[in-house]
Amino acid sequence: MSLSLARYQSTFGQQDVRPMIPMPMVYENVPVAPTNWEYRVLSVDTREMALPDVATLNELGDQGWLLTGVLDQRNSTQSAFVHYYFVRQKMA
């Protein structure tokens, strides 16, 4: 394969603009294993315990847990529970 850049056409009156050479695309057939997740629910009865503080949440974050949702049932039912839902990638 040979490529000559000695001659190029002007683009919109600009003499120093050269056309770009196409970048090759390489596709590999690599099997991808699905990501496995583990879940944790922290349920707090606010009549007996305080809600988790920043230090508790940071400790869970240091362990790899990501807070994905909070369900506060204190106003919707007669319950006094707040549920914290966490997820992290399962360790192999």
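Listed here are the residues, each with its yes/no results for (1) touching a strand residue (DSSP E or B) at 6+ places or on another chain (Cβ under 9 Å); (2) on the phi > 0 side of the Ramachandran plot; (3) modelled with pLDDT of 85 or more.
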residue	(1), (2), (3)
2	no, no, no
12	no, yes, no
18	yes, no, no
40	yes, no, yes
59	no, no, yes
75	no, no, no
90	yes, no, yes
Task: Qualifying residues in the range 19-49 (those that are of a type in the set (S, T, N, Q) and under 18 Å from residue 91 (Cβ atoms)) - the one surrounded by the most Cβ atoms within 10 Å (Cβ to Cβ) - done: 36
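Within the range 19-49, which residues are hydroxyl-bearing (Ser, Thr, Tyr), under 27 Å from the mean Cα position of the chain (by Cα) and assigned to a loop (DSSP other than H, G, I, E, B)? Before the answer, list the steps.
Initial filter on the range 19-49 (hydroxyl-bearing (Ser, Thr, Tyr)): 27, 35, 39, 43, 46.
Now narrow it down to the ones that are under 27 Å from the mean Cα position of the chain (by Cα): 27, 35, 39, 43.
Across the range 19-49, the qualifying residues are 27, 35.
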TODO: Quickly run through the range 50-75 and pick out the residues that are surrounded by 11 or more Cβ atoms within 10 Å (Cβ to Cβ), assigned to a loop (DSSP other than H, G, I, E, B) and free of Cβ contacts under 8 Å to residues at least 12 places away in the same chain.
DONE: 73
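The values are calculated or read from the model by the stated rules, or taken from the named source; none is laboratory data. No experiment lies behind these values; they were computed from the predicted model shown. Positions of Cβ are generated from backbone atoms using ideal geometry, with glycine treated the same way; all protein chains shown enter the neighbour counts.
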